[in-house]
1. Give me the residue from segment 25-44 that is charged (D, E, K, R) and either buried (at least 16 other Cβ atoms within 10 Å of the Cβ) or modelled with pLDDT of 85 or more (or both) and, out of that set, nearest to HIS69 (Cα to Cα).
2. Taking segment 5-19 as the region of interest, how many residues are charged (D, E, K, R) and either crowded, with 17+ Cβ neighbours inside 10 Å or within 18 Å of LYS81 (Cβ to Cβ) (or both)?
3. What pairs come out if I take residues in segment 1-27 that are at positive phi and pair them with residues that are of a type in the set (A, V, I, L, M) whose C-beta lies under 6 Å away, six or more apart or interchain?
4. How about segment 30-102: which strands (runs of 3 or more DSSP E) wholly inside it have at least 3 residues that are closer than 19 Å to CYS16 by Cβ?
5. Please go through (1) at pLDDT 85 or above; (2) surrounded by 15 or more Cβ atoms within 10 Å (Cβ to Cβ) for SER60 and return the number of the only condition it doesn't satisfy.
6. Exactly one of these conditions fails for PRO55: (1) of a type outside the set (D, E, K, R); (2) more than 9 Å from the chain's Cα centre (by Cα); (3) farther than 22 Å from LYS6 by Cα. Give me its number.
7. Given the criteria at pLDDT below 90, buried (at least 17 other Cβ atoms within 10 Å of the Cβ), of a type outside the set (S, T, N, Q) and under 15 Å from the mean Cα position of the chain (by Cα), does GLY22 qualify?
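The values are calculated or read from the model by the stated rules, or taken from the named source; none is laboratory data. Just so it is clear, the model here is predicted, and its values are computed rather than measured. Don't worry about glycine lacking a Cβ; one is built from the backbone with ideal geometry, like all the others, and counts go over all protein chains shown.
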Amino acid sequence: MKGFTKTVEDFNCAHCGAVVHGNGYTNHCPECLWSRHVDNNPGDRAATCGGMMRPISVESDGDKFIITHKCEICGKIKRQKTSDGDNIDAIIDISRDNSFIFGK
């Protein structure tokens, strides 16, 4: 069953090295937008993969965006809404790369 566990954690981004201050809903680095495959369900920290999740696409969702991440190790795909502090230039860069096709 899917659920949400609020987990407040600070971390150093394993992709770009940014120091990230978590708020319990932080899923990805606000600078480079990369994530880490640590959850099966949001916040549970139950995934054993631990791979880096590359931001592969972005789509508009009202006044926010949704980032699609793909795990570099196991291929798991997850979607996550952006946060107010996310780097808009990084979001724009991802939106320019249209090489990602669902199902590939």
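1. Among those that are charged (D, E, K, R) and either buried (at least 16 other Cβ atoms within 10 Å of the Cβ) or modelled with pLDDT of 85 or more (or both), it is ARG36.
2. Here the count works out to 1.
3. Going by the 6 Å Cβ cut-off, the qualifying pairs are GLY24/VAL8.
4. Passing ranges, in order: 52-61, 64-71.
5. For SER60, the exception is condition (2).
6. The failed condition is (2).
7. It is false that GLY22 is at pLDDT below 90, buried (at least 17 other Cβ atoms within 10 Å of the Cβ), of a type outside the set (S, T, N, Q) and under 15 Å from the mean Cα position of the chain (by Cα).
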